[in-house]
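First comes the structure, then the notes that go with it.
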Amino acid sequence: MVEKKIICIICPLGCDITVRGEGNTVGSIEGHACKRGEQYASEEFLAPVRILTTSVKVTNAKSPLVPVRSRDPVPKELLLKCMERLRSLELKAPVGLYDVVVPNILDTGVDIVTTTAMEALDQ
């Protein structure tokens, strides 16, 4: 049986939760103060996901980088592969707010979008 310690981030309490299980089965969850914490711990144990935030190169703009993020969480085990894919990307200004720069990254169903608009220098 695998045991994983998790600090819950759902509410300000920050419960120290212990999850025990094996494979795709949760055996027990202890230390949560609410049902939301129990659900978070279960999901974190079985299939952890994260919002990806980074920056991408942009040309013809005031700044050489534009901030981007995943529209939805991506599986934690794919974060480095997503970063590798984004490292090779180079956008050209103008760039709008929430423009999709990589649709469906790594077939996750999650789009990567800009979080800032950038005007072109020649405008």
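The values are calculated or read from the model by the stated rules, or taken from the named source; none is laboratory data. This one's a predicted model, so the numbers in the text were calculated from it and none came from an experiment. Cβ placement follows ideal geometry from the backbone for every residue including glycine, while neighbour counts extend to all protein chains displayed.
When region 109-123 is limited to residues that are of a type outside the set (Asp, Glu) and part of a loop (DSSP other than H, G, I, E, B), the one that is modelled with the lowest pLDDT turns out to be GLN123.
Of the residues examined, LEU106 is one that is within 25 Å of GLU43 (Cβ to Cβ), out of contact with any strand residue (DSSP E or B) (no Cβ under 6 Å at 6 or more places or on another chain) and either in contact (Cβ under 8 Å) with a residue 40 or more places away in the chain or not in a loop (DSSP other than H, G, I, E, B) (or both).
Applying the condition of being in a loop (DSSP other than H, G, I, E, B) and either at pLDDT 95 or above or crowded, with 17+ Cβ neighbours inside 10 Å (or both) to region 15-31 and asking which residue is nearest to the chain's Cα centre (by Cα) yields CYS15. So which of GLU77, GLU43, GLU38 is within 26 Å of ILE7 (Cβ to Cβ) and touching a Pro at 6+ places or on another chain (Cβ under 9 Å)? From the options GLU77, GLU43, GLU38, the qualifying one is GLU77. Among the residues making up region 86-103, those that are more than 19 Å from PRO64 (Cβ to Cβ) and touching a residue at least 12 places away in the same chain (Cβ under 8 Å) are TYR98, VAL100. Considering only region 32-71, how many residues are buried (at least 16 other Cβ atoms within 10 Å of the Cβ), among the hydrophobic types (A, V, I, L, M, F, W, C), without any contact (Cβ under 8 Å) to a residue 60 or more places away in the chain and closer than 30 Å to PRO94 by Cα? Going through region 32-71 one residue at a time, the tally reaches 3.
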